[in-house]
């Protein structure tokens, strides 16, 4: 009896994961080999769906664009997140203040994703607050077109959404760094940047790894942000899949989903290889 | 000899409370082993950290080799510090930890690792070069920390309770090693400790601190033989502090003997009559505690032979006596 007890304890979660995660994924893999016409799915084993994914230059561009979004968002959220975490962990000394500022970081999550994104429109639009202010101040003659419905606005929305996912894990690793290590570094003659590069950064690696996984995985799978913030002018793999589902092209969507999943898993594997996050778990 | 380290009216205040270090002045001769000694909260660690440059000085000046370093950053002072819990970088190997100071000074990789290997040898850890701190024992971590502090060739090495985390056997061994290193390198060591035994064994100059002030700074022999105050006598141990008819005196417990009860109960001031409360066997010696009629307690540390020749038991009446010249007068106030 007691031998089975751990298995029994793990069973509910295993069951939920199997039913609602593994089974659907298996289903997607199966469907990705189906054939289809305008009206129905045709159970079959064909490779045409994958051939379309890899043969079409548009698909390639979409994948590259998605990677580009992920890469740029990662870069900006890392740069912002690291310094925010640094400020919270090392500059703010008072615990109450630290908590208050930390809660402030979560403000973007106090409303729904959709409302948050729609709120950018009157701010960034051609006749929006930003352009009107800049023109009113005489800084620009023409409204800045790139502010809304562009790659800029997509990245902006991503950064707005996901910086917190970078801040939290990095902050956690930073709080665990023994403050005497910083003193020891200073004692050995390290300046600010040397301490940062040789002591803080290496010790934050697990947090950076976890934050990076969050951000990259979330951006790679996104479709709503890209659609709304690019005004339909940019595409991401997620958006492409969503469109294919809208056109009832389930097998094509499934093939794309499988390729995207494989790509994300490879990215995560690469990050895990570069950074050992086990210390954080 | 020109002093290596000089403190002039150094004060440290945290917030508005009483000063943690209260206007202390001290000069430590070159190439000497100095121990800062005192109960916790006496300001010894603050003093060390101010010398290291990890704590700002509220008032006063710190001079190293005649140079005022009060406002200089740690690395510009020519000091190096060994931290209490070693503060080794957990992501670097023993060798890289030791080479850290050179790396910060821009020494090339091959050069700094070669030098670090030399220092690793100095602390007898050649075989542990590639281990991470977590893979080293406490004593080994300590040696790495020591080598890391020494590699920048400081003129003054500052040690914050370096032996407190070690077990008693290792502590004695490490103590010898510290002293040997200090002699061989010919630099000044300033060592913070709350153990008087450690301070006695190591110091050329021991500084007993109390409430942010220096209670006495001298060679340990002078401190032990002529404690400046009742506080020093009690803290350094091995003394009875007694209020006798002639004033307050410190009498060493090892110079105190059990004497026959004087005829007629007359006391010449060099004895204390009372009842034995404790007899403690310590191997080479036996500790006998006597409580006098007026509530004072005193103890005698008797060589075992002497005790066993005329043993006493708790509850028996006994008189402690000492030679008049062994009673060291103390000021009444302290």
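How many residues, within segment B:92-106, are in a loop (DSSP other than H, G, I, E, B) and within 11 Å of chain A (Cβ to nearest Cβ)? Count: 3. When segment B:11-36 is filtered for residues that are touching a residue at least 40 places away in the same chain (Cβ under 8 Å) and more than 20 Å from the chain's Cα centre (by Cα), the ones remaining, listed by number, are B:11, B:12, B:13, B:18, B:19, B:23.
From the list B:11, B:47, B:56, pick out the single residue that is out of contact with any helix residue (DSSP H, G or I) (no Cβ under 8 Å at 6 or more places or on another chain), over 20 Å from residue A:178 (Cα atoms) and not in a helix (DSSP H, G or I).
Result of the check over B:11, B:47, B:56: B:11.
For segment B:220-227, the criterion of being closer than 23 Å to residue B:64 by Cβ and assigned by TED's automatic domain parsing to the domain that holds residue B:77 is met by no residue.
If we scan segment A:239-249, do we find a residue that is crowded, with 18+ Cβ neighbours inside 10 Å, within 26 Å of residue A:78 (Cβ to Cβ) and away from every other protein chain (no Cβ under 14 Å)? Checking segment A:239-249: at least one residue is crowded, with 18+ Cβ neighbours inside 10 Å, within 26 Å of residue A:78 (Cβ to Cβ) and away from every other protein chain (no Cβ under 14 Å). Counting only residues that are without any contact (Cβ under 8 Å) to a residue 60 or more places away in the chain and more than 10 Å from chain A (Cβ to nearest Cβ), segment B:64-91 holds 6 of them.
Residues are listed down the side, and each one gets a yes or a no for (1) at pLDDT 90 or above; (2) assigned to a loop (DSSP other than H, G, I, E, B); (3) within 14 Å of chain A (Cβ to nearest Cβ):
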| site | (1), (2), (3) |
| --- | --- |
| B:116 | yes, no, yes |
| B:131 | yes, yes, no |
| B:143 | yes, no, no |
| B:146 | yes, no, yes |
| B:149 | yes, no, yes |
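Among the conditions (1) under 15 Å from the mean Cα position of the chain (by Cα); (2) over 30 Å from residue B:13 (Cβ atoms); (3) touching a residue at least 60 places away in the same chain (Cβ under 8 Å), the only one that residue B:200 does not satisfy is (3). The set of residues from segment B:303-328 being farther than 22 Å from residue B:244 by Cα and in a strand (DSSP E or B) comprises just one member, B:303. Only one of these is touching a residue at least 40 places away in the same chain (Cβ under 8 Å), within 14 Å of chain B (Cβ to nearest Cβ) and more than 30 Å from residue B:156 (Cβ to Cβ): A:208, A:170, A:200, A:213. Name it. Going through A:208, A:170, A:200, A:213 in turn, just one is touching a residue at least 40 places away in the same chain (Cβ under 8 Å), within 14 Å of chain B (Cβ to nearest Cβ) and more than 30 Å from residue B:156 (Cβ to Cβ): A:208.
Residue-wise test of (1) surrounded by fewer than 19 Cβ atoms within 10 Å (Cβ to Cβ); (2) without any contact (Cβ under 8 Å) to a residue 12 or more places away in the chain; (3) facing chain B (nearest Cβ under 9 Å).
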{"position": "A:147", "(1), (2), (3)": "no, no, no"}
{"position": "A:150", "(1), (2), (3)": "yes, no, no"}
{"position": "A:166", "(1), (2), (3)": "no, no, no"}
{"position": "A:175", "(1), (2), (3)": "yes, no, no"}
{"position": "A:180", "(1), (2), (3)": "yes, yes, yes"}
{"position": "A:187", "(1), (2), (3)": "no, yes, yes"}
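Applying the criterion of being more than 15 Å from residue A:120 (Cα to Cα) and modelled with pLDDT under 90 to the residues of segment A:141-167, the residue that is farthest from the chain's Cα centre (by Cα) is A:141. May I ask you to verify whether residue B:112 is within 24 Å of residue B:79 (Cα to Cα) and within 12 Å of chain A (Cβ to nearest Cβ)? Yes: the conditions hold for residue B:112.
Would segment A:6-29 turn up any residue that is over 30 Å from residue A:164 (Cα atoms), touching a residue at least 60 places away in the same chain (Cβ under 8 Å) and loosely packed, with under 12 Cβ neighbours inside 10 Å? Scanning segment A:6-29, I find no residue that is over 30 Å from residue A:164 (Cα atoms), touching a residue at least 60 places away in the same chain (Cβ under 8 Å) and loosely packed, with under 12 Cβ neighbours inside 10 Å, so the answer is no. Per the listing B:59, B:55, the residue uniquely within 13 Å of chain A (Cβ to nearest Cβ) and either at pLDDT below 95 or over 29 Å from residue B:196 (Cβ atoms) (or both) is B:55.
So, residue B:120, is that one more than 14 Å from chain A (Cβ to nearest Cβ), under 29 Å from the mean Cα position of the chain (by Cα) and on the phi < 0 side of the Ramachandran plot or not? Judged against the criteria, residue B:120 is a match.
The values are calculated or read from the model by the stated rules, or taken from the named source; none is laboratory data. Just so you know, these numbers come straight off a predicted model, no measurement behind them. A quick note on method: Cβ atoms are made from the backbone with ideal geometry, for glycine too, and the neighbour counts reach across all protein chains shown.
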